[in-house]
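Down below is the structure, laid out as structure tokens.
The values are calculated or read from the model by the stated rules, or taken from the named source; none is laboratory data. All of these numbers come straight from a predicted model, not from anything done at the bench. Neighbour counts are summed over all protein chains in view; Cβ atoms, including those assigned to glycine, are modelled from backbone coordinates with ideal geometry.
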Amino acid sequence: MKSPFLALIKKDLKGYFDQPTGYILIVVFVSMLAWSFFQSALLIGEASLRPLFTVDFAIDKPSLPWLLALFIPAATMRLLSEEQRDGTLETLLTQPIRGWIVLLAKFTSGLLFVSISIVATIGIPLSLTSAGDLDWGASISQYIGSIFLAGCLVSIGLFTSSLTRNQIVSFILGLTVSMALMIMGLEIVAITLPSTAANLLQLLSPITHFDNIGRGIIDFRDILYFLSLISTFLCGTFMVMRSRTLSHKTPQYRNLQLGVAGFIILSILIGWFGTSIKGRLDLTEDKIFTLSPATEEIVGQLDDLLTIDVYMSKDPPVQVSPVSRDINDFLDDVESSSDGMVKIARHFPEDDEKALKKADNAGIPPIQFNVRSQGELQIKTGYMGLALTYLDKREVVPFIQSVDGFEYRLASLVNKMLDDRSQKKIVAFLSGHQEMEISRELASFASVLNQQYQVITLAANEGIPIDLEDVDVLMITSPKSRIGETHRESIKNYITDGGKAFIAIEPVLVDFNQLAGIPNRDSSADFILSTFGISVESDLVFDLQSNETLAFGTGGAGNVYLPYPYWVKANVVDSKIGGEVSNVVMPWASTVGILDLPDSEYTVSPLISTTEFGSIDMNLRNLRPNSPTFSETTGDNFVLSDLGVALEHSNGSRMVITGDADWISETATRFNSNVLLGLNIIDWLAQEDNLASVRSKVVSERNLVFSSDRHRNIVQYSNIGGVPLVFIILGLARFMQRRSKGFRNRWSVGSNAKSESPQQNEVSD
């Protein structure tokens, strides 16, 4: 026996697809959505679906939420109005079918039709993958949010359809209620109301909750809200439906009223109190909107209000529009996770004289951008900076250029404000023994390091002890002349007394022009060995599988790019220190060995290691990319080698020793992971461990790059016109099928009539 529930769903779906109206609605919906999306996406140049799902209202560029608010009332207006007009609803409700089954069938069929329309836009993300790296986790979340929003709007449309027999009236009522609920969640409405009323309206608006899911976050609170809103309107619809078959004076009707009212109140309470239930899933590939545990820990240390004044443009230039959006999303997450200890205040200097003055006083200037509009190059200014105020301390970020690294920047500033010390921690680079200098070989690394620490050069004079009293981290980078006994004793005492040191030893010096190695006999490897039991060997490591590609001159015009095994792409094996950095490029690195000293009180652990395809070159004579050493290397020669180790003592002393210094020099700092690991090592040594995982959190760039104008046009117009064309063809096919079926039925009836007529004549005779 067929289920009445499924039979009713099938009937209503046939009502959509047996008439041209259903196909017309889908075609118009998909075409308008695709056209609007590509207007924004091609301008921004980002492989993201955010323009498709944005909650910002714009008549000229309607997004999916606002088109749904228009589309769904049109799609649902007939579900119950038509049944009432034809007198079939009362008949249906008097059948041995429960009223709630009829209601759920109507809701499900309407939601299925709308969901088909939403899924019809899947061609947009699929086609974008040919021109950019789309975040599919965020895209899935956005489509899930769209289905939930559609469910809410379908329940509203079903409710308004139950109120009248006229489909047009039902459409107008549904559109009015849907738009009202969505508009009251807009910021332009909120700023005109008292804060309490504004917060309440935003909490009740589906736009507020859809925006969260649209970012790539499945929040349990948002899901509860949608389910609560759906159940509320379905209960209202059920009440209206049953009232048509029950006398309003009977006890059954009063019981129905009480039951429905109780269920509605329960749904509202669940949705309301559900806002205090935490639990969410960040589906974005880079976990963009998930605060690092370290950031949450730092924010959790606040014992007074932290105010973050954000100075931004209401209509930001194209160059900063995605940044502005994501920064706002992130700050909202910081505020919501702070238990009321962080307050975000947004200001628009271009539209507010007071805000402009505050921005000037805070040291946040307007930034000029070149904007091409209608073929003309225009100069436009924009703001995207912030100021942090905590107690009597103040920190400023004049301009936020990228989301990448913003969490670390914010976390480090808050961490600094929580620090009782007024001065930055000191990172001192030792000099006097032909070490790399911060003004030359280490300029880039020192410049980045200076943002968080006070970077100084510590000049050492032979025979005079080194003053390391105020040094938080000591840097010894590739000494090439011997460190005398006096200085060795100073360094040893500093470390054994709880000091922190980063020592980069280079036993082999390489001439890049000659590509040959020269032993560095005064590398101080002997001092490291004798004092701490760490052996840095006079060899060079190479890796035949994991290495960097470099440009080599051919002697003629141009360069040739070849894999260079001596520039090892090594693994970072200690995530406690390295954070989320997985590998670094180590040019001409030497092996670091750990000796098992029975009286050593240091805990030693590998930090940087080669892959299983690493090997060791002891000859150092030919370091060219086609060195015969590589062809002579077999599986028996492969060895897993450590290129860096970390040491820690119970008294608080910490050390990192690497068999290479070039990896943090100008030679290799173009590799972002190298800089990140170097900074994370300093953080660990300075016992700013909590910042390491934050710093190395990287947001992937997702640029939308088409191979040609033809490629762009194919992607754009296949979605604007191609997908709708498919539904037009399906509609025509369905029409021809039904027409053919109707013709066959008429022919069959006519044939039967003819065959029966002689018999009838014979009887009449």
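When restricted to residues that are within 13 Å of Gly236 (Cβ to Cβ) and either assigned to a loop (DSSP other than H, G, I, E, B) or without any contact (Cβ under 8 Å) to a residue 12 or more places away in the chain (or both), the range 157-182 contains 1. Considering only the range 515-522, I want to know if a residue exists there that is buried (at least 19 other Cβ atoms within 10 Å of the Cβ), at pLDDT 90 or above and under 43 Å from the mean Cα position of the chain (by Cα). For the range 515-522, residues buried (at least 19 other Cβ atoms within 10 Å of the Cβ), at pLDDT 90 or above and under 43 Å from the mean Cα position of the chain (by Cα): absent. Annotation note: Cβ proximity below 6 Å between a residue of the range 558-582 that is more than 26 Å from Arg654 (Cα to Cα) and a residue that is among the hydroxyl-bearing types (Ser, Thr, Tyr) and at pLDDT below 90 (sequence gap 6+ or interchain) occurs for Val560/Thr554; Tyr561/Thr549; Pro563/Thr549.
A quick yes/no check of all residues on (1) among the hydrophobic types (A, V, I, L, M, F, W, C); (2) part of a strand (DSSP E or B):
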site	(1), (2)
Ile495	yes, no
Gly498	no, no
Leu509	yes, yes
Ile518	yes, yes
Arg521	no, no
Glu548	no, yes
Phe552	yes, yes
Pro563	no, yes
Ala570	yes, yes
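State which residue is modelled with the lowest pLDDT when the search covers only the range 313-331 and only residues that are part of a loop (DSSP other than H, G, I, E, B) and of a type in the set (A, V, I, L, M, F, W, C).
Start the filter on the range 313-331 by keeping residues that are part of a loop (DSSP other than H, G, I, E, B), which leaves 313-320.
Narrowing the set further to residues that are of a type in the set (A, V, I, L, M, F, W, C) leaves 318, 320.
Working: Val318: 56, Val320: 63.
Only one residue fits best here, namely Val318.
Within the range 342-357, how many residues are out of contact with any strand residue (DSSP E or B) (no Cβ under 6 Å at 6 or more places or on another chain) and either among the acidic types (Asp, Glu) or more than 16 Å from Lys314 (Cβ to Cβ) (or both)? Total satisfying the criteria: 5. Taking the conditions exactly as written (aliphatic (A, V, I, L, M), assigned by TED's automatic domain parsing to the domain that holds Thr477 and modelled with pLDDT of 90 or more), does Leu562 satisfy them or not? No, not satisfied.
Inclusion of Arg482 among residues that are assigned to a loop (DSSP other than H, G, I, E, B), touching an Asp or Glu at 6+ places or on another chain (Cβ under 9 Å) and outside the structural domain of Leu410 (by TED's automatic domain parsing) is warranted. Among the conditions (1) more than 30 Å from Leu42 (Cα to Cα); (2) at pLDDT below 80, Asp339 misses just one, which is (2). The one condition from (1) among the β-branched types (Val, Ile, Thr); (2) crowded, with 19+ Cβ neighbours inside 10 Å; (3) in contact with a Phe, Trp or Tyr (Cβ under 8 Å, 6 or more places away or on another chain) that Ile456 does not meet is (2).
It is to be established whether one or more residues within the range 638-645 are under 21 Å from Ile491 (Cβ atoms), touching a helix residue (DSSP H, G or I) at 6+ places or on another chain (Cβ under 6 Å) and either in the same structural domain as Ile476 (by TED's automatic domain parsing) or surrounded by fewer than 24 Cβ atoms within 10 Å (Cβ to Cβ) (or both). Within the range 638-645, not a single residue is under 21 Å from Ile491 (Cβ atoms), touching a helix residue (DSSP H, G or I) at 6+ places or on another chain (Cβ under 6 Å) and either in the same structural domain as Ile476 (by TED's automatic domain parsing) or surrounded by fewer than 24 Cβ atoms within 10 Å (Cβ to Cβ) (or both).
Checking Val581 against (1) assigned to a strand (DSSP E or B); (2) surrounded by 14 or more Cβ atoms within 10 Å (Cβ to Cβ); (3) among the aliphatic types (A, V, I, L, M), which single condition isn't satisfied? Condition (1) is where Val581 drops out.
Listed by position, the helices (runs of 4 or more DSSP H) contained in the range 46-156 that have at least 1 residues being modelled with pLDDT under 85 are 50-53, 78-86, 88-94, 99-119. The set of residues from the range 420-442 being over 17 Å from Pro479 (Cα atoms) and not β-branched (Val, Ile, Thr) comprises Asp420, Arg421, Ser422, Gln423, Lys424, Lys425.
Of the numbered criteria (1) within 22 Å of Lys741 (Cβ to Cβ); (2) at pLDDT below 85, the one Ser40 fails is (1).
Residue-wise test of (1) among the small types (Gly, Ala, Ser); (2) touching a residue at least 24 places away in the same chain (Cβ under 8 Å); (3) touching an Asp or Glu at 6+ places or on another chain (Cβ under 6 Å); (4) assigned to a strand (DSSP E or B).
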site: Ile491; (1), (2), (3), (4): no, yes, no, no
site: Ala501; (1), (2), (3), (4): yes, yes, no, yes
site: Glu506; (1), (2), (3), (4): no, yes, no, no
site: Asp526; (1), (2), (3), (4): no, no, no, no
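Only a single criterion out of (1) surrounded by fewer than 18 Cβ atoms within 10 Å (Cβ to Cβ); (2) more than 18 Å from Ile720 (Cα to Cα) is not satisfied by Ala74, namely (1). Only one of the listed residues (Glu297, Glu285) is at pLDDT 80 or above and either surrounded by fewer than 19 Cβ atoms within 10 Å (Cβ to Cβ) or outside the structural domain of Leu356 (by TED's automatic domain parsing) (or both). That residue is Glu297. Screening Val448 on (1) within 34 Å of the chain's Cα centre (by Cα); (2) buried (at least 21 other Cβ atoms within 10 Å of the Cβ) shows it passes everything except condition (2).
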